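S.K.: Would you mind keeping the following structure in view while I ask a few things?
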Amino acid sequence: MIHKMFVCVEPPEFVVGAKYKFAEHEGIFINEGHNIHGIRHYKFNLQGRIRLVSSTLVFYKFVSDNPQGKMERRAVSMIVRRLIGDDCFEW
């Protein structure tokens, strides 16, 4: 069984392309936006729509608690790499 878990993060810790949860939304971090009335905003992709999100919100980052799945995915990637001869293949 795979469980979804989120941990609280501060905006300086954002990683481009990572998924974050805030308010009732989930979005992919794009980059820093700009200051609006002295408050920093960040650009997020929310289901294909680009939105500026205030830094005053509480942000959460997705963390998987499924290390078994990660090990299995890595093993499959290694086997397929050998079979197809592509050292860069990633499952």
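S.K.: If I ask for residues that are modelled with pLDDT under 90 and over 16 Å from Val58 (Cβ atoms), which ones from region 4-15 would you list?
M.R.: Lys4
S.K.: Still on this structure, I have one more. Out of region 3-45, which residues are among the aliphatic types (A, V, I, L, M), surrounded by 14 or more Cβ atoms within 10 Å (Cβ to Cβ) and under 26 Å from Asn66 (Cβ atoms)?
M.R.: Val9, Ile28
S.K.: A follow-up question, please. Kindly list, by first and then second residue, each pair from a residue in region 16-44 that is free of Cβ contacts under 8 Å to residues at least 40 places away in the same chain and closer than 21 Å to Val63 by Cβ to a residue that is surrounded by fewer than 13 Cβ atoms within 10 Å (Cβ to Cβ) and among the β-branched types (Val, Ile, Thr), limited to pairs with Cβ atoms under 7 Å and residues at least 6 apart or on different chains.
M.R.: That search, which allows pairs on different chains as well, returns Phe22/Val58; Phe29/Val15; Phe29/Val16; Ile30/Val16; Ile30/Ile50.
S.K.: Of all the residues that make up region 18-46, how many are closer than 30 Å to Cys88 by Cβ and either out of contact with any strand residue (DSSP E or B) (no Cβ under 7 Å at 6 or more places or on another chain) or not small (Gly, Ala, Ser) (or both)?
M.R.: The qualifying residues number 10.
S.K.: Just name the residue that is nearest to Met5 (Cα to Cα) out of those in region 25-65 that are in a loop (DSSP other than H, G, I, E, B) and under 16 Å from the mean Cα position of the chain (by Cα). Give the derivation first.
M.R.: To start, the set of residues in region 25-65 that are in a loop (DSSP other than H, G, I, E, B) comprises 37-38, 47-48, 55-58, 65.
Filter again for under 16 Å from the mean Cα position of the chain (by Cα), leaving 47-48, 58, 65.
On the way: Gln47: 20, Gly48: 23, Val58: 15, Asp65: 7 Å.
Ranking the candidates gives Asp65 first.
S.K.: Something else now. Kindly provide the set of residues from region 1-24 that are assigned to a strand (DSSP E or B) and within 13 Å of Ser55 (Cβ to Cβ), ordered by number.
M.R.: Residues of region 1-24 assigned to a strand (DSSP E or B): 4-9, 19-22.
Those that are assigned to a strand (DSSP E or B) and within 13 Å of Ser55 (Cβ to Cβ): Val9, Tyr20, Phe22.
S.K.: Moving on. Within region 36-73, take every residue that is modelled with pLDDT under 85 and touching an Asp or Glu at 6+ places or on another chain (Cβ under 9 Å) and give me the one that is nearest to Glu26 (Cα to Cα).
M.R.: Residues of region 36-73 modelled with pLDDT under 85: 62-73.
Adding the requirement that they be touching an Asp or Glu at 6+ places or on another chain (Cβ under 9 Å) leaves 62, 73.
Working: Phe62: 10, Arg73: 25 Å.
Top of the filtered list is Phe62.
S.K.: With in contact with a Lys or Arg (Cβ under 7 Å, 6 or more places away or on another chain) and in contact (Cβ under 8 Å) with a residue 40 or more places away in the chain as the only criterion, which of Val7, Val58, Val63 stands out?
M.R.: Working: Val58 fails: in contact with a Lys or Arg (Cβ under 7 Å, 6 or more places away or on another chain); Val63 fails: in contact with a Lys or Arg (Cβ under 7 Å, 6 or more places away or on another chain).
Of the residues listed, the single one that is in contact with a Lys or Arg (Cβ under 7 Å, 6 or more places away or on another chain) and in contact (Cβ under 8 Å) with a residue 40 or more places away in the chain is Val7.
The values are calculated or read from the model by the stated rules, or taken from the named source; none is laboratory data. Since this is a predicted model, take the numbers as computed values, not measurements. Don't worry about glycine lacking a Cβ; one is built from the backbone with ideal geometry, like all the others, and counts go over all protein chains shown.
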